[in-house]
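Beneath this line is the structure, given in structure tokens, with notes to follow.
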């Protein structure tokens, strides 16, 4: 049984990692804490839900549409909104993100009501066994998608021209501008990528869990925990953070009881910040 | 000079602000209208269930007004409900109840949705001695203080699973063990504690008795425990989204029990839509089901209510909807019996209520909560049927294993 | 120029004081309750301003002090039978002590890390209270009922809130004139330099955090007593933290009256919107927050102090200053 619980934790960790990847990228590059992250996950989930419900598009195909659509949304929001205030104090971007979050949540509420919905595909809960351990396919694929997106981010950041300008901008905005980097566009691209990843998380979420316009809040909070545990500045931080959190929650709720899940994760968050402020994989000062 | 002009500007702004705040609700006040006030969740976390109450209350209001209104002495009054959005927030809600009483001068109050919001609201109602009939909170906490102005139309928690357990104990071969999981809300806790006692009396062993957080989406650990303990039935006292997650994750982890039953969820249309075929065979408990047939005050009988409701809103009503209709039925009967709009007299009449509604017979315990019972429902072929005691269909037990379904 | 700013500040303060005292005698209970609630947010935003605005530490968990204050009162009064006059200061002290205990480790963190750590503390406390027996967990806890007429109760709560707000502002004002205030601002501008100049940064930061906690705790106690029943999800709601920061920013961070103005204007805007739009009010509210942040990031105080001429150019200049 304990083996199954650890496997559950690992798979849940994959979902957490997928959720947190975009937030980590945006935070690491632009120093923006994106409070609206959960709202973007919600939009991604609805994107796949409507494609599935109206035209029967399979969620694993709409995954790509959802990523693309959310990339555009993120690009536009950064270009026409956040870029306008990005050099003000950190509160300003924080609260702008908050404004965006309540705007999106309530737009969704007004358009689609608060009804609980779910993408109901026949394979949504399909699974296979290895020995006595049961593994659901969709959760496994969430894990794999998280790894793939982390890999793509890694390659984009380290091997391409765009990636070099992103990294240069993150290190020194003025210097990057001096050598001719289009900072505004670089920021918009980064935010778009981060929000696109949130879109992917949303699609997977809609297959596994019921969705509604207010679902984002707790996901934003959990993403914070994952990003902090894993550490900023590397694309594999969220993976490590997600796995740590997933397994800790699974074991914790096994030993102490299920109501302790949040107490465990936020206590870990505070302890990691106090003792390992740069996270597990973060660079030491 | 300059300072003076600033003063006058400042005062002007202040005046405008005041005008906006005070003048907002001085709308025309027609005679012969009984005004009800209701702060309901139009937005926020509770807004999905909130909508069920809003739809129902509006429908019942129209039905009363069409059939001649409420009679007080020889005069008949129309019903008007003033709604506000409490944003699913208890402090907002209590503030709005204040506003309904003081600014809108409503005659009577209708309750909000969920126990956590109902309690602060009922405290305000008590301060002003205005009765509140609520159909959205069942927690024993609401009635624990013996607040004389609050009446609830959802039955007490302790006995909720009784019918389910009686049905279960009657199956052959007789089931031996059950697992009970429950939310950390007062209502769910009392449901679970009551069920545990009843189960043990009926000779069913409770092999797992575990609490979950109200908003939790993760049932993996609990389901893994259930799988290794292999009880005959899995009973959950919780909320709709939790119910959807439980069933989805039970299938993901291939957890097979002979029966899954839950308090809230199966009766709601969203539950069946979200789970599709996986919702089949799930049992539910409710204080009401659309297949019941009771004579009513506002609607002729349950059948007619269900028909009118479906025609207007295009979804199946569940017990939330019916309980909201009962709120207004209680008021109609109490006001007519009191022959007055005096809050104190109407309160006393409510306490003596003994009527038939489309929701079933309504009679209140001394603490203000309805005397009620529950029926067992099961989802069969995409529809909810009452299966016990005496239902339109027979319960299907055991439910087929996940992998053996088509 | 400085004089112009000073006059308007005095004018605002004068109007606020007169209106503040007069309101309950000319209005009904709802307006009193509405302003009691607005005053609570003014206290929370002003208390946040001490740690967030003057010291420069963006606390994202200040709601924890409200929650602790509320629960200290609830548990003492309901379980211990303690009278309100003892529970009330105990709530403030409880929150202040908690601020010291948490502040010592957490205030070593900087910037976003501090913000997230405080957020984590608040969420962990909510989860803890959810699981404790003495607080009756997620089911919520009642407080004793007050034995006064409705009007008297509301006037009582109104003036208590007003009193706590006045105390908060006076203490902040006095603090700013003393070594503590200079030290905090020095920490905000450059913590290392402040340290090397002999400012005991740890002591100063913890004191500032504790003050912030103390006033929020008092507000929490009043809130709980007026509400009569509290649940963890409502008094540890992260949304309340966000709201107080939005109010402080909206009014003007790091100015004495900014958070108060921000709190009053945001409460009034959202009340009016709620009245006219049953469902879409929060949507419009979000839009207002977005526009306000983009066009007036320095807050209302920057406009009313009259240092710069207000107009289209003022709005666009803010964008020119901060865009890339």
- Message: Just to verify a result, which residue in segment C:283-299, among those that are closer than 24 Å to residue B:92 by Cβ and either more than 12 Å from chain A (Cβ to nearest Cβ) or touching a residue at least 12 places away in the same chain (Cβ under 8 Å) (or both), is surrounded by the fewest Cβ atoms within 10 Å (Cβ to Cβ)?
- Response: C:288
- Message: So in segment B:143-167, with the set limited to residues that are touching a strand residue (DSSP E or B) at 6+ places or on another chain (Cβ under 6 Å) and assigned to a helix (DSSP H, G or I), which one is farthest from residue B:209 (Cα to Cα)?
- Response: B:143
- Query: What about residue C:76, is it on the phi < 0 side of the Ramachandran plot, surrounded by fewer than 21 Cβ atoms within 10 Å (Cβ to Cβ) and touching a helix residue (DSSP H, G or I) at 6+ places or on another chain (Cβ under 7 Å)?
  - Reply: no
- Message: Among the residues in segment A:140-158, are any in contact (Cβ under 8 Å) with a residue 40 or more places away in the chain, touching a strand residue (DSSP E or B) at 6+ places or on another chain (Cβ under 7 Å) and within 24 Å of residue A:56 (Cα to Cα)?
- Response: no
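Out of all the residues in segment B:392-403, is one or more assigned to a helix (DSSP H, G or I) and more than 30 Å from residue B:122 (Cβ to Cβ)?
Among the residues of segment B:392-403, at least one is assigned to a helix (DSSP H, G or I) and more than 30 Å from residue B:122 (Cβ to Cβ), which makes the answer yes.
From the residues in segment C:174-202 that are in a helix (DSSP H, G or I) and surrounded by fewer than 13 Cβ atoms within 10 Å (Cβ to Cβ), which one is nearest to the chain's Cα centre (by Cα)?
Taking segment C:174-202 and keeping what is in a helix (DSSP H, G or I), we get C:174-177, C:179-189, C:191-196, C:201-202.
Applying the additional criterion that residues be surrounded by fewer than 13 Cβ atoms within 10 Å (Cβ to Cβ) yields C:174, C:177, C:179, C:189, C:192-193, C:196.
Working: C:174: 18, C:177: 21, C:179: 23, C:189: 22, C:192: 28, C:193: 29, C:196: 31 Å.
By that ranking, first place goes to C:174.
Here is a yes/no grid of residues against (1) within 11 Å of chain C (Cβ to nearest Cβ); (2) farther than 28 Å from residue C:268 by Cβ:
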| position | (1), (2) |
| --- | --- |
| B:89 | yes, no |
| B:104 | yes, no |
| B:107 | no, yes |
| B:110 | no, no |
| B:113 | no, no |
| B:117 | yes, no |
| B:143 | no, yes |
| B:150 | no, yes |
| B:158 | no, yes |
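Yes or no, residue by residue, for (1) more than 12 Å from chain C (Cβ to nearest Cβ); (2) on the phi > 0 side of the Ramachandran plot; (3) at pLDDT 90 or above:
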residue	(1), (2), (3)
A:203	yes, no, yes
A:210	yes, no, yes
A:263	no, no, yes
A:277	no, no, no
A:280	yes, no, no
- Message: Among the numbered criteria (1) part of a helix (DSSP H, G or I); (2) more than 14 Å from chain B (Cβ to nearest Cβ), which one does residue C:158 miss?
- Response: (2)
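Going by the conditions given, is residue C:66 within 14 Å of another protein chain (Cβ to nearest Cβ) and out of contact with any helix residue (DSSP H, G or I) (no Cβ under 6 Å at 6 or more places or on another chain)? I'd like the intermediate steps shown before the answer.
On the way: within 14 Å of another protein chain (Cβ to nearest Cβ): yes; out of contact with any helix residue (DSSP H, G or I) (no Cβ under 6 Å at 6 or more places or on another chain): no.
It is false that residue C:66 is within 14 Å of another protein chain (Cβ to nearest Cβ) and out of contact with any helix residue (DSSP H, G or I) (no Cβ under 6 Å at 6 or more places or on another chain).
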- Message: Among the numbered criteria (1) in contact (Cβ under 8 Å) with a residue 40 or more places away in the chain; (2) more than 15 Å from residue B:283 (Cα to Cα); (3) surrounded by fewer than 21 Cβ atoms within 10 Å (Cβ to Cβ); (4) over 20 Å from the mean Cα position of the chain (by Cα), which one does residue B:373 miss?
- Response: (4)
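Only one of these is under 14 Å from the mean Cα position of the chain (by Cα), more than 7 Å from every other protein chain (Cβ to nearest Cβ), within 16 Å of residue C:34 (Cα to Cα) and touching a residue at least 12 places away in the same chain (Cβ under 8 Å): C:263, C:248. Name it. It would help to see each step written out before you state the result.
Values: C:248 fails: within 16 Å of residue C:34 (Cα to Cα).
Matching residue, one of C:263, C:248: C:263.
Test of understanding: among C:138, C:147, which residue is over 16 Å from residue C:219 (Cα atoms) and surrounded by fewer than 15 Cβ atoms within 10 Å (Cβ to Cβ)?
Numbers: C:138 fails: surrounded by fewer than 15 Cβ atoms within 10 Å (Cβ to Cβ).
Among C:138, C:147, only C:147 is over 16 Å from residue C:219 (Cα atoms) and surrounded by fewer than 15 Cβ atoms within 10 Å (Cβ to Cβ).
Here is a yes/no grid of residues against (1) out of contact with any strand residue (DSSP E or B) (no Cβ under 7 Å at 6 or more places or on another chain); (2) more than 28 Å from residue A:128 (Cβ to Cβ); (3) without any contact (Cβ under 8 Å) to a residue 40 or more places away in the chain; (4) surrounded by fewer than 23 Cβ atoms within 10 Å (Cβ to Cβ):
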{"site": "A:19", "(1), (2), (3), (4)": "yes, no, no, no"}
{"site": "A:34", "(1), (2), (3), (4)": "yes, yes, no, no"}
{"site": "A:38", "(1), (2), (3), (4)": "yes, yes, no, no"}
{"site": "A:69", "(1), (2), (3), (4)": "yes, yes, no, yes"}
{"site": "A:80", "(1), (2), (3), (4)": "yes, yes, yes, yes"}
{"site": "A:83", "(1), (2), (3), (4)": "yes, yes, no, yes"}
{"site": "A:91", "(1), (2), (3), (4)": "yes, yes, yes, yes"}
- Message: Exactly one of these conditions fails for residue A:118: (1) surrounded by fewer than 22 Cβ atoms within 10 Å (Cβ to Cβ); (2) more than 10 Å from chain C (Cβ to nearest Cβ). Give me its number.
- Response: (1)
- Note on the structure: Here the residues within segment A:76-91 that are assigned to a helix (DSSP H, G or I) and facing another protein chain (nearest Cβ under 7 Å) are A:83, A:84, A:90, A:91
- Quick one: residue B:276 ticks every box in (1) on the phi < 0 side of the Ramachandran plot; (2) assigned by TED's automatic domain parsing to the domain that holds residue B:247; (3) modelled with pLDDT of 90 or more except a single one, so which number is it? (1)
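The values are calculated or read from the model by the stated rules, or taken from the named source; none is laboratory data. Please read all numbers here as calculations on a predicted model, not as lab measurements. Ideal geometry is used to build each Cβ from the backbone, glycine not excepted, and the neighbour counts take in all protein chains shown.
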